[in-house]
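Values in this text are rule-based calculations from the coordinates and carry no lab data. These numbers come from a predicted model, not from an experiment. Ideal geometry is used to build each Cβ from the backbone, glycine not excepted, and the neighbour counts take in all protein chains shown.
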Amino acid sequence: MKAYFFPFIIVLLAIHSLYAQNSATSSILHGQIIDANTKMPLAFANVGFYHHQTGSISNEEGLFSIPLPANNSKDSLVVQFIGYQTYKQALPISADSVLRIALHSKTITLQEAKIYANMPDIESVLNDVRANLEKNYKPIDAKSQVFFRQSQTADIQEFSIGLKKNDIPGIDQSLISKTFDKIPRHSTSFSDLLCNACIPKQEDDTVKIVPIRYVQLKDIEIDELEKMGNMFNQLLKNTKEDEYWKVRTGILSTKMEIDTTGNRVSDSGSVNLKYQRMALTNQLRFAHIEDSKHWEFIFSPKRYNYDIAGIDYLNGEEAYIISFTPKGKGLFEGKMYISAFTFALLRADYTYGKGKKGRDIDLLGVQYSEDKMEVSIMFVPHKGHYRLQYLSKKRAYTSGVHRDISFLKKRKRFLFDKTIYKTKTDLDFKTKVEESSLLLAFDYTSVSPQQYKDFKNQLHTPVIEIEQYHDSLWADYPNIAPEKHLREYKKQGNAVIR
């Protein structure tokens, strides 16, 4: 999603599964999955039927929707979630009411595990995880149906800009003040993309997409930001062939470029999804388990304390449940589930440990501090290997700029380019940002390198802009259920009411 000088997005949709509606479907079953003891919702539980391919995944509130098979009497509903007993209920099931499913915990403790064999030491398990990474997650060119949701909220805590010097015609302190006064101090947005994706074997390549449906928030506040972007783009357009614009702060400077694509809705009602494709590619790269900060609890065991809590079953495999907490330079705490047979990482849930944070910079008037990171990721077996099923990420950070910034229009010439216009401003800006993303991948099919090469990327697509959720939005995709805050989302004028 295009980044302006400040961010703005919030998640308003939840997705459970992305299969198209089965033509044999007669009705939709709605339900919620909770922990039997705590009554708390269980997110990302698998929901399906024994004899039908239709499947679903619960959202962050434990809610799910799934098409009931037309022949409702010869099947069973099955709900599975790691660490819990499998729930089974024979059909028929009435779709008239919301089904409330309470799952009971089921983890084989270390004492019980002795009947299997001696539990291995954790160092040995992690060594086997690293040794089998290439085998377990063998990269292939593949096609998959993907749902990708991005959201963000931004609260501007400080914002002032003063004009220290200017010789650009038509720009003065009054214009700048009026323009920047329109910037919303709280802004929200979201986007949902359902697409067919061609995922490359080579990590440096970019995923290719063919959109099925794209939804984004239509927001008056964000329209104001678009107008500002158009104003600056118009300024850049009035630039001759031998001229260009630069932005400078201190000794650092860079050229400014016109961007007329991004997520602006055209007159024909379509958008360019190049930012969504880039973000999707980055999320898929994150899911590559490699020696990086985000996977240090696998690659840097000396930074962590570990404990094998027991054994569980996931997709028919016995899995060691390993909890970890940071020590010294370690960052994260959480749990990972490791296959007892293949030593594949089946699932990981982790966040920053107490008192820990990510990147923290406060230098030369530039501030960036990341104080929240929550990750939940799961892989499923696929033809002898493992493929990503879902990746949920949440993070929060504070960013700010307290510096003089100059905008210069320059003309190219031999040796030294001539400065035609210059504006120097004193900027004081600080914002608190919360972001989340969700990626769900289904129906992996391997393709050849030539098929990946021939796959036609389609970035322009019609957009559904909404100001408020309505039930017909995903009526033809019954597995997509809104979250509570989406159902309650309303707008009045420029205000978002919650």
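For LEU459, the shell of other residues with beta-carbons less than 10 Å away shows a net charge of +3, using +1 for Lys and Arg and -1 for Asp and Glu.
Close amide-amide hydrogen proximity is noted between ILE183 and no other residue 5 or more places distant or on a separate chain, at a cut-off under 5 Å (H modeled in the peptide plane; Pro and chain starts excluded). Cα centroid separation, region 328-344 to region 293-320: 2 Å. Computed from label points 7 Å out along Cα-Cβ, the spacing between LYS335 and LYS430 is 3.8 nm. Dividing the C-alpha radius of gyration of region 346-463 by 2.2 N^0.38 Å, with N its residue count, gives 1.72. What you get for region 375-449, charging only the Cβ of Lys and Arg (+1) and of Asp and Glu (-1), is a dipole of about 620 debye around the Cα centre. Charge tally for LEU193 (other residues, Cβ to Cβ under 10 Å; Lys, Arg +1; Asp, Glu -1): +2. Evaluated at q = 0.20, 0.23 Å⁻¹, a Debye calculation over the C-alpha positions of region 292-388 (equal weights, vacuum) places log10 I(q)/I(0) at -0.99, -1.18. Potential lengthening of the chain between SER94 and ASN127 amounts to 6.9 nm, from the contour at 0.36 nm per residue minus the alpha-carbon distance. With a simple spin-label model that places each label point 7 Å from the Cα along the Cα-to-Cβ direction, the separation between GLN157 and HIS382 comes to 4.1 nm. Exceedance of the 26 Å cut-off in Cα-Cα distance is limited, within the set LYS143/LYS335; LYS138/LYS356; LYS410/LYS430; LYS302/LYS354, to LYS143/LYS335; LYS138/LYS356; LYS410/LYS430.
Net charge in the neighbourhood of GLY365 (other residues with Cβ under 13 Å of its Cβ; Lys, Arg +1, Asp, Glu -1) is -3. Annotation: extensible slack from ALA70 through GLN85 equals 2.7 nm (criterion: 0.36 nm per residue apart, minus Cα-Cα distance).
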